[in-house]
Every structure is written in C-alpha cells, then in structure tokens.
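A short write-up of the structure that comes next.
The values are calculated or read from the model by the stated rules, or taken from the named source; none is laboratory data. What you see is a predicted model, and the numbers here were worked out from it, not measured in a lab. Positions of Cβ are backbone-derived with ideal geometry, glycine not excepted, and every protein chain shown enters the neighbour counts. Ligands, DNA and RNA are stripped out before the accessible areas are found, and what is left, the full protein with its side chains, is counted by its heavy atoms. Shrake-Rupley method; radii C 1.70, N 1.55, O 1.52, S 1.80 Å.
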Amino acid sequence: MRITFCCADTKPEPWLAALRRALPQADVSLWHSGAPAADYAVVWAPPQVFFDEQPQLKAAFNIGAGVDALLALKVPAHTRLVRLDDAGMSVQMAEYVCHALIRHTREFDAYEADTRAQNWSFRKPLDRADFPVGVLGLGVLGARVAQAVAQFEFPVLGWSRSAKHMAGVQCFSGAQELKQFLSKTRVLVNLLPLTPETENILNRDTLSQLQSGAYLINVARGRHLVEEDLLALLDSGHVAGATLDVFRTEPLPAGHPFWTHPRITVTPHTSARTLRSESIAQIVGKMQAMERGEPVAGVVDLVRGY
Ligand code: NDP
Ligand code: OXD
C-alpha cells in the first residue's frame, strides 16, 4: 500500500514516522509535485495540483472534521473523502464551549477585574434558566457539546438538518424551524459545517432573533459569521458578547476590531485540535477496513457538502 502525505501547516516528520510505525508494510512518503501514484492520502488543505496529479487515489483522509477546504477543490469522482470522526476532538470542544459559557454566565471576567483591584465584592448570582443554550449543528461535535452543557443544567436546544431526538435537548430541524430555535436561544453555539447553505448564517437577521443579551460562541468556521453584523449588534446591546475561535481570515489580521473589542474573546482556532495519535489510529483503521472492502464511517457526502 502506498500512502502520500500532503498537509498544509503541519510538521510532516512526526506524522510520517507514526504512519510508518502503524503500517510497517506500507510505503509512506511526503507528497511533492511529480511524486509516485499513491493508494491513499492523508491531507489538510492540499493544493489543486495534488488531486490533479493523483487521480488514482482510493481515498483522501482529512486530518480535521471540516472538509470545506477539500470541497473547494476538484477531486476525482472515485476518490472518497473521509473526515476525522471525533478522534479526541469532541471532548476538547465540550471543554471549550462550557468554559466560554460558564465564564460568561458566572461573570468571571468581572470577578477577575475586581480581584486584580483587590476588591472583595459579590455579584448577584444569575439564573441559568435565563441562559438557554442553542447549538447549531448536532453532529459529532455539536451533540457532545449539547450533552456537556446539559450536565450543567442549562436549558439546551439544538438545530440540525434532519430531525433528532436527544435526551435533555429540545431539538429543532430544517430551515422552517430555525426561527423558533433562535427565538428560544440566548447563548448561541455554532457547530455547523461550512456549506453553501450555512455560509453567513450568523448575520444581523438571525442574531437579532436571539433573546436580548445574547452571547455567541463560534467554533465552526469564520465564514459562518458576517463580522460587521456582530459588531453592530454588540454596539446596539442586543448581543452582550462573543467568544470566537474561527475567523474569515486566519490568522486574524493585525488591527482587526475583534482583537481589541472589550466584549469579544478571541482564540486562535484552537477549540478542538487534531490529536496525532488518535487521528492516525482512526485513519489507519479505516484504510485497513477499506482494503478489506468494508464500509467506514465519516465518508463525506458530496451532495450535502459535509
Ligand atoms: P458533523 O458533520 O458531524 O455535524 C454537522 C451537523 O450540522 C449535523 O448535525 C448536521 O445535520 C448539521 N447541518 C449541516 N448542514 C445543515 C443545515 N443546512 N441546516 C441545519 N443543520 C445542518 O460535523 P462535526 O460536528 O464533526 O463538526 C462541525 C464543524 O465544526 C466542522 O465542519 C468544522 O467546520 C468545525 N470544527 C472546528 C474546529 C475548531 O477547532 N474550531 C475543530 C473541528 C471542527 P444532520 O445531523 O441532520 O446531518
Ligand atoms: C477541523 C478544524 O475542521 O480543526 O477539524 O477546524
């Protein structure tokens, strides 16, 4: 079996070494233009020329959950695209979202400012019933986040494409139920894939439908959010604040207003990192299953776009 590795922004050596350890019989190498034809690829945001030169690939394994960068390319029709299926990301995402939520609802920023000023003062506890949390996207990550938030006894709502039933989560689905979902939500968590249907879904219209004093946690993709609409709604007071992990341009450019906005917390696309050993174990298991002719989870549906 021949495996080629083509991952932007990723140090290749540890991945190549780990893949060789996991598959000692395989020929594993770093892709370069003109490299020999491979059976499988491990990829992250490869250039178009990669697929142009590897038309025989049986599958390309993305070392992330989101496949928007891959779907922007022309991929050979028979090459299956396979996303990471959790591989240690959902627990990180649950930590991140619960941290952002609780930091906001327990007013930890204000307490931190008080204690820095050596000011021993209490705030009136907020009622968690006043902070219904709505999760956009109830897939691998969104479902785990919704369940984690429910553990803290917040009211939890979720929205997905297909109808779902989830213990402790009031579920909504489809465009026709989005309005209802938004009107019952105060803290909005975005865990949708980026597709033509979801691009710019966080805009003036949708964010205005949230309950007053709304809070946004965007951990999916920057292109879900119309940035100037968020700034306008922060100015108007309808949105109280936001925690943003993803941006239309990454790294977030110097001088961007999000860097210094007093009610926006910025993190550098780090809410759920790809974990090398978990990812390789999953990818290698799927390559072996494919070689045996067995089905694997996480194959991207090109029509749905995720
Ligand atoms: P999944 O594909 O497992 O889940 C996607 C969810 O979104 C599903 O519930 C799906 O509905 C729903 N959905 C998709 N399109 C629509 C639509 N048009 N209307 C309503 N619901 C829709 O993805 P993951 O949970 O694994 O990941 C979600 C995203 O998180 C990734 O695509 C990626 O962009 C982002 N991500 C960000 C990371 C970071 O570090 N910031 C790390 C990892 C991922 P249904 O269930 O009905 O199909
Ligand atoms: C992913 C990401 O999609 O890291 O996995 O954003």
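Scanning the range 188-210 for residues that are in contact with a Ser or Thr (Cβ under 8 Å, 6 or more places away or on another chain) and of a type in the set (A, V, I, L, M, F, W, C) yields Leu192, Leu210.
How many of the residues making up the range 208-217 are under 19 Å from Phe152 (Cβ atoms) and open to solvent by 10 Å² or more (accessible area, probe 1.4 Å)? Residues meeting the conditions: 3. Considering only residues in the range 237-246 that are farther than 21 Å from Ala65 by Cα and touching a helix residue (DSSP H, G or I) at 6+ places or on another chain (Cβ under 9 Å), the one that is surrounded by the most Cβ atoms within 10 Å (Cβ to Cβ) turns out to be Ala242. When Lys11 is tested against (1) open to solvent by 10 Å² or more (accessible area, probe 1.4 Å); (2) more than 20 Å from Val284 (Cβ to Cβ), only condition (2) is not met. Screening Leu70 with (1) within 16 Å of ligand 2 (Cβ to nearest atom); (2) under 21 Å from Gly293 (Cα atoms) gives one miss only, at (2). For beta carbons closer than 6 Å, sequence separation of 6+ or different chains, a first residue in the range 52-71 that is farther than 13 Å from Ile283 by Cβ and part of a strand (DSSP E or B) and a second that is within 15 Å of ligand 1 (Cβ to nearest atom) and open to solvent by 20 Å² or more (accessible area, probe 1.4 Å), there are no qualifying pairs. Within the range 81-103, not a single residue is outside any helix (DSSP H, G or I) and among the polar types (S, T, N, Q).
Residues of the range 286-306 being surrounded by 18 or more Cβ atoms within 10 Å (Cβ to Cβ), within 16 Å of ligand 2 (Cβ to nearest atom) and among the aliphatic types (A, V, I, L, M), which ones? Selection gives Val300 alone.
Among strands (runs of 3 or more DSSP E) entirely within the range 148-207, having at least 2 residues that are crowded, with 22+ Cβ neighbours inside 10 Å, modelled with pLDDT of 95 or more and within 15 Å of ligand 1 (Cβ to nearest atom) singles out 156-160, 187-190.
Residues in the range 249-285 that are away from ligand 2 (no atom under 16 Å from the Cβ), within 20 Å of His104 (Cα to Cα) and without any contact (Cβ under 8 Å) to a residue 24 or more places away in the chain: Trp259, Thr260, Pro262. When you check Val91 against the structure, is it open to solvent by 30 Å² or more (accessible area, probe 1.4 Å), under 21 Å from Gln282 (Cα atoms) and β-branched (Val, Ile, Thr), yes or no? Judged against the criteria, Val91 is a match. In the range 105-147, of all residues being in a loop (DSSP other than H, G, I, E, B), open to solvent by less than 80 Å² (accessible area, probe 1.4 Å) and among the aliphatic types (A, V, I, L, M), the one that is farthest from ligand 1 (Cβ to nearest atom) corresponds to Ala117. The listed residues are Thr249, Thr270, and the only one of them that is under 18 Å from the mean Cα position of the chain (by Cα), farther than 17 Å from Leu192 by Cα and surrounded by fewer than 17 Cβ atoms within 10 Å (Cβ to Cβ) turns out to be Thr249.
For the range 27-51, the set of residues classified as among the acidic types (Asp, Glu) and either without any contact (Cβ under 8 Å) to a residue 12 or more places away in the chain or in a strand (DSSP E or B) (or both) consists of Asp27 only.
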